[in-house]
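Participant: Before I ask anything, let me first share the structure, which is written out below as structure tokens.
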Amino acid sequence: MTNRAVTRRDFVKVTGAASAALVLGVHLPACRPRDADPRARGADGFAPNAWVRIDAEGVVTILVDRSEMGQGVATALPMLVAEELEVDWESVRFAFASGDPAYANPLVGTQATGGSTSVRVAWEPLRTAGAAARVMLIAAAAEQWGVPASECRAERGAVEHAPSGRRAAYGTLVEAAAGQRVPESVPLKDPADFKLIGTPRPRLDTPQKVDGTATFGIDVRVPGMVVATVARCPVFGGHATDVDDRATLAVPGVQRVVRMDHGVGVLADTYWSALQGKRALKISWDEGEHAQLASDAISTRFREMAARPGAVARNDGNVDQAMARAARTVQAVYELPFLAHATMEPMNATAHVRPDGCDVWAPTQNQGGCRRLAASITGLEAEKIAVHTTFLGGGFGRRFELDFVTDALELSKATGRPVKVVWSREDDIQHDFYRPASYHVLRAGLDGDGWPVAWSHRIVCPSVMGRVFPDFIKDGVDQEAVEGAVQLPYEIPNVVVDYHRADTGVPVGFWRSVNHSQNAFAIECFLDEVARATARDPLALRQHLLAGRPRYRRVVEMAAERAGWRTPAATGRARGLALHESFGSIVAQVAEVSATADTVRVHRVTCAVDCGPVVNPNTVEAQLESAVVYGLTAALYGEVTIQNGRAVQSNFHDYRMLRMNEMPAIDVHMIAGHPTPGGVGEIGTPPIAPAVANALARARGTRIRRLPMRA
């Protein structure tokens, strides 16, 4: 076992005689409870950073401080606590934590869910919370029995004293345990002793989603609530100059029209009335400086920028000299479009602004941002603002944004009533924060034996971080824009990566795996081009370049082996391979495809993943499958084109999703051994597009360098 030092600032213990419940909490690193010693506040005190609750019936409730959008955190995080607490999984429940700042995600800097950080952040603190609760329960039982605590052990939700045969269920001990001293350090299990972590478990949220009791943002109902839609200028950055709302106010059910800086809100009894009212508005728009913006012009600008050096993000060796001495060079250009998120649940939020407080109900990935936004709009102190996290019908980074929450807050403030704002699918796709379009120029210098000795990668794209976290930009480089490219795993002695920030006026935001999804496509496709230029097997080339990187090599070799790489594919099919590391995990994929001149069919995808310790194998498998579907949809169909300053696509008829009859078989294989947990939610997206493109190049003999692969 390992000992994790824990101080009083690490834990919060609150007791209540009426409820006879034990509540323990541990803050995440870099967070601080608001009071040094919560016990000094008395038995009625409340600790907003509590993690563990055990009631008199022995039911264990784990507070989940991350947003559940299908990625499984409402199961994985409780598993971490339950493992160390030694309880039956059947007795475990979960609840979403409040939007208190003490729940800030230290890898993000606020309470938010993104970057595949949930398990990575919680791995030690939540296990520590469970272990501390276990130690205190054991101490309480030992004290009652008058025996040394060292003679007692916790097992299946009870404390046992083997010498006397006595046994006390946790529920009977909670009041006594609440009076125990918080341990200064607690032993954590050796991973070899895990009973729960690493085993497949049904998700705790499944029953609610099956029987309809799960509350998504769009399900929220508040007494006195009205429903609103918002008309926005179709051109990015435009605004209304004149509004004629007479026809709107004549629509049955419409109650009010409210002008805001970013649009015009229509409030009504029902969503349908609000939508009809919005359609009846007559608005004159000032389309602003981006009225002539178009995709072709953006592409031309990217190409012109790529003709000159950018800000250097990585510079190993001397690429210019190595290129000049190379026996041969290979060069290619790759281009990727803007992409929408297209979450199944459109954007929505509910807010109730009052003189003495504010409540926000939202399917959000950014509780901390919601709280700060509400304080800014209402003028209230942060302590008077409550953020209620609902289930999310998909997130993919889109729900880190706060535009839909702004709608609800401003309309509620203007009317003094609870307001639920609901976006249409058209609103969702045409007013998104898109994955940036990008342009890549890659060049490789080969020695006399055909091995790469020089590698250059120039990236031109807008900066998400420049908009959201501008301080993140250093010396002209957005490290997120070059992620995956700077961390190129292949052993090439001379490498340069440079970057041009090319903001366009099109709003950009985080998208499942963000720039990894673009950079992996360019890198892994180009590596296959190098293999083809030297008549080498793509797997053999990667094995050679990973000779000193055994973790990466194991992953790519497992994917190839399980896919039957060295055996012929079925007649009419070809296989393609790609490898990528992101969010602390490594994934390799082999796609088996068939193609005609105008169709592409992906039959099977084999995934190998090393994400470190696996909490719930079911979740890892599901997330890899989900990421493949998401990335494959984007690779085959995804494209938002810009014309006259606006998004052309508007709904699923022209922004296509992968259909059920197009779904490939997916095999997921996990590699154990790495001691540190990596992320899972996004890691399967980056390799799928290059794996399919590489397979198509082998099947057709021609290379796809621009996505989507077909419109």
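Participant: So what's the net charge close to Arg303: Lys and Arg +1, Asp and Glu -1, counting the other residues with Cβ under 15 Å from its Cβ?
Facilitator: Here the charged neighbours net out to +2.
Participant: If I histogram all Cα-Cα distances within segment 99-173 using bins 10 Å wide from 0, what percent of pairs lands in each bin?
Facilitator: 18, 35, 17, 21, 9, 0
Participant: Among the lysines, which fall within straight-line cross-link reach of Lys278, defined as a Cα-Cα distance under 18 Å, with same-chain neighbours fewer than 8 residues apart omitted?
Facilitator: Of all the lysines, those that pass the test against Lys278 - Cα under 18 Å, at least 8 places apart if same chain - are Lys420.
Participant: While we're looking at this one, here's another question. Hey, quick one: spin label on Asn644, modelled 7 Å out along Cα-Cβ, who in segment 229-248 has an amide N within reach, i.e. under 13 Å?
Facilitator: What the label zone holds, given the 13 Å backbone N cut-off, is 234-236.
Participant: Stokes-Einstein at 10 °C, 1.306 mPa s, Kirkwood radius from Cα pairs: D for segment 554-630 in µm² s⁻¹?
Facilitator: 118 µm²/s
Participant: Okay, moving on. Quick one: net charge around Gly645, please, counting Lys, Arg +1 and Asp, Glu -1 for every other residue with C-beta under 14 Å from its C-beta.
Facilitator: Local charge sum for Gly645: -2.
Participant: Give me the distance between the Cα centres of segment 48-100 and segment 567-614, rounded to whole Å.
Facilitator: 35 Å
Participant: Still on this structure: So what are segment 133-229's ellipsoid semi-axes, whole angstrom, largest first, if each one is the square root of 5 times an eigenvalue of the alpha-carbon gyration tensor?
Facilitator: That gives 41, 19, 14 Å for the three semi-axes.
Participant: Right, here's the next one. Please report the Cα spread of segment 428-485 along all three principal axes, rounded to whole Å, starting with the longest.
Facilitator: That works out to 52, 28, 14 Å along the principal axes.
Participant: Ignoring ligands, DNA and RNA, what percent of the 1.4 Å accessible area of the chain is carbon and sulfur?
Facilitator: Carbon and sulfur atoms account for 50 percent of the accessible area of the chain.
Participant: Quick one: if you stick a label point 7 Å off each Cα along the C-beta vector at Met660 and Asn315, how many nm between them?
Facilitator: About 5.6 nm, to one decimal.
Participant: Give me the Å³ per residue figure for the convex hull around the C-alpha atoms of segment 68-192.
Facilitator: Per residue, the Cα convex hull of segment 68-192 comes to 136 Å³.
Participant: Additional query: Give me the accessible area per residue for the chain, probe 1.4 Å, as a whole number in Å².
Facilitator: Numbers: 27200 Å² over 711 residues.
In whole numbers, the chain has 38 Å² accessible per residue.
Participant: Counting DSSP beta bridges with both partners in the chain, what percentage is antiparallel, nearest 5?
Facilitator: 75 percent
Participant: Among all stretches of the chain without exposed chymotrypsin sites (Phe, Trp or Tyr not before Pro) (DSSP loop, at most 14 other Cβ atoms within 10 Å), which one is longest? Can you show the working numbers first?
Facilitator: On the way: sites that count: Phe46, Phe652.
Longest stretch, sites excluded: 47-651.
Participant: Once the convex hull of the C-alpha atoms of segment 96-136 is built, how many Å³ does it hold per residue, rounded to a whole number?
Facilitator: For segment 96-136, the hull spanned by Cα atoms encloses 83 Å³ per residue.
Participant: Under a plain spin-label model, where a point goes 7 Å from the Cα along Cα-to-Cβ, how far apart in nm are Gln292 and Asp598?
Facilitator: Taking the two extended label points, one gets 3.6 nm.
Participant: Now, a different point. Looking at the P(r) of segment 359-491, how many percent of alpha-carbon pairs lie beyond 25 Å?
Facilitator: Of the Cα pairs, 48 percent sit more than 25 Å apart.
Participant: Post the alpha-carbon centroid distance, segment 270-285 to segment 616-647, in whole angstrom.
Facilitator: Taking the Cα centre of segment 616-647 as reference, the centre of segment 270-285 is 31 Å away.
Participant: Hey, another quick one. Given the convex hull of the Cα atoms of segment 464-585, what is a quarter of its surface area in nm²?
Facilitator: On the way: hull surface 39.9 nm².
The Cα convex hull of segment 464-585, projected and averaged over all directions, gives 10.0 nm².
Participant: On to the next question. In whole angstrom, and with the biggest value first, how far do the Cα coordinates of segment 240-382 range along each principal axis?
Facilitator: Rounded to whole Å, the extents work out to 75, 38, 29 Å.
Participant: Let me make sure I get this right: for the chain, a, b and c are the square roots of the gyration tensor eigenvalues over alpha carbons, sorted descending. Under 1.5 in a/c it's rounded, otherwise prolate if a/b > b/c, else oblate. Which is it?
Facilitator: Verdict is oblate for the chain.
Participant: Another question, if that's okay. How far is the Cα center of segment 178-198 from the Cα center of segment 427-491, in Å?
Facilitator: 42 Å
Participant: Next question. Return P(r) of segment 629-698 (all Cα-Cα pairs; 10 Å bins starting at 0; whole %; ordered from short to long distances).
Facilitator: 15, 36, 30, 14, 4, 0
Participant: Per-residue ellipticity at 222 nm for the chain, helices alone: DSSP H runs ≥ 4 residues times -39500 (n - 2.57), over residue total, nearest 500 deg cm²/dmol?
Facilitator: Estimated from H runs of four or more residues: -8500 deg cm²/dmol.
Participant: Right, next: Just reorder Thr390, Thr534, Thr702 by solvent-accessible area, largest first, 1.4 Å probe, all chains present.
Facilitator: Ranked from most to least accessible, the order is Thr702, Thr534, Thr390.
Participant: Moving on to the next point. Taking the inverse of the average 1/r across all pairs of different Cα atoms in segment 179-261, what Kirkwood radius in Å do you get? Spell out each step's value before the answer.
Facilitator: Numbers: mean 1/r = 0.0497 Å⁻¹.
Hydrodynamic radius (Kirkwood, Cα pairs) of segment 179-261 is 20.1 Å.
Participant: Mean projection of the alpha-carbon convex hull of segment 415-513 over all orientations, in nm²?
Facilitator: 9.8 nm²
The values are calculated or read from the model by the stated rules, or taken from the named source; none is laboratory data. Since the model is a prediction, treat every value here as computed from it, not as a measurement. As a convention, Cβ positions derive from the backbone with ideal geometry for all residues, glycine included, and neighbour counts pool all protein chains shown. Accessible surface is based on the protein model in full, side chains and every heavy atom, while ligands, DNA and RNA are left aside. Shrake-Rupley method; radii C 1.70, N 1.55, O 1.52, S 1.80 Å.
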